[in-house]
1. Tell me, B:76, B:234 in order of fewest to most beta-carbon neighbours within 10 Å?
2. Might you report the magnitude of the Cβ-based charge dipole of region B:163-258 about its Cα centre, with Lys and Arg at +1 and Asp and Glu at -1, to the nearest 20 debye?
3. What are the lysines whose alpha-carbon lies under 19 Å from the alpha-carbon of residue A:61, with same-chain residues fewer than 8 places away excluded?
4. Work out the mean other chain Cβ neighbour count within 10 Å for the residues of A:18-24 and drop it here as an integer.
5. Let a ≥ b ≥ c be the square roots of the eigenvalues of the Cα gyration tensor of chain B; is it rounded (a/c under 1.5), or, if not, prolate (a/b larger than b/c) or oblate?
6. For region B:121-264, compute Rh as the Kirkwood radius over C-alpha pairs and then the Stokes-Einstein diffusion coefficient at 37 °C and 0.692 mPa s; write the answer in µm²/s, rounded to an integer.
7. Just rank B:119, B:209, fewest to most, by other beta-carbon atoms within 10 angstrom.
8. If one takes the longest principal axis of the Cα atoms in chain A, at what angle in degrees, from 0 to 90 and to the nearest 10, does the Cα axis of helix A:65-88 lie?
Amino acid sequence: MAQNRNKLIELFIANISNAVIHEILEQAVIEEFIADKYRKELATSFEVAKRYREKINPVNKPLPDKDIAYIKTKIINKVRAELTTRISKGYKNIDLDLIGNLVDKALKDTEIE
Amino acid sequence: MEIIGKISKGSKMDQIYIPKNRTGFCIGNYVIIKPLEEKKPVERFYFYDVKSIEPIKLEIVKEVMRIINENIENYENIIVTGSFLDEGFQFNDIDIIIVTEGKISTSKIENEIKKTGIKAHILILNNKALARGFESDPLYQMMLSRCITKKRFIYKTKQKINYKLLDLHLLKSKTLIDNSDILSGSEKYDLIRNMMAVYLYLQGRRLSKELVDNEIKKSFDLRDVNRIKQNIIEKKSFLKKYKSIYDKTFIKILKGIESGAEQE
């Protein structure tokens, strides 16, 4: 089923946000975390985000600056909100400073920018 | 008293000649004749909650154990688990956990196992990590509830709820909520199973694949979990129920984090 571009972008944002949140939480529990082989095989948010990216035009080159700015801001806000919820409940060791770099990396890896 | 003799060919009957000067073996005595080469002892494995397994799979397990045994000198145990042990041949690969304190490269073993026609996923864990996974990770507990091992496998651990880890594990299953259209049936099943395992674990249940599958059937009103794998479930009502279980589980985890159950 064809989905409109805006909807695809929103789905992409939701999945990349989830992937970044996962990465930051993983850092927070790194010492208690053991090889997560079984879950590594689950359809990860990042993999799903890539599937959406393949449907967002232009497919093979970076998106227009306006789109990039919108996507980046939305992901950063989403990730910050989710992590802040956890921090407010007493979750320690969450490093909010990681957000910017991880979002930039994710957008480059998915050829958004 | 034992005498080793050789069977020789006779005209009407074959015979075994024995020396005339001997102790015992008097004329007229009855004796037992049996081959000198003893049968190789049958290798025994330990089966945990594996009620039956197809003979060809058992052969593969034997071959896997042999390959690992020949390639690794020091290991504590070899554990075969995952969908390979399910009835039928729907598995994609064979999951193998090698318990060892040493550092091992798995590529050679994986390549050798590949020659049997099956892809191997090998995980190297030391005893401590395995015990930790078993006591705090629902999916590990579920996987290890059903396995074949080279040596006896006993882990008497107390279930330990680590809310931060469960939060991380549950987060993976969030993918299904917004992405139902783009996921395959088996991806959906894996994500549901992951969520359900966390949900049941929080209730203090001892997990097994059977228990998790039964709860999935009950919660989503399904006759068979294969309906999820075949991607033929009714989307709207399914997602409503899924989201409700997900939210309930997440709230419980946040409460756990808040109460500082696992905080230092």
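1. Numbers: B:76 16, B:234 10.
Listed from fewest to most nearby Cβ atoms, that is B:234, B:76.
2. Details: 21 positive and 13 negative charges, 43 e Å.
The dipole of region B:163-258 has a size of about 200 debye.
3. Those lysines meeting the cut-off are A:50, A:72, A:105, A:108.
4. Details: counts 7, 2, 0, 4, 7, 0, 0.
Partner Cβ neighbours, averaged per residue: 3.
5. Values: a/c = 3.15, a/b = 2.46, b/c = 1.28.
Prolate is the answer for chain B, as a/c is 1.5 or above and a/b outweighs b/c.
6. Numbers: Rh = 16.1 Å.
Rounded to a whole number, D works out at 203 µm²/s.
7. Numbers: B:119 12, B:209 19.
In increasing order of surrounding Cβ atoms, one gets B:119, B:209.
8. Roughly 20 degrees between the two axes.
Bear in mind that the values in this text are calculations on the coordinates, not laboratory data. All of these numbers come straight from a predicted model, not from anything done at the bench. Every residue, glycine as well, gets a Cβ built from its backbone with ideal geometry; the counts of neighbours run over all protein chains shown.
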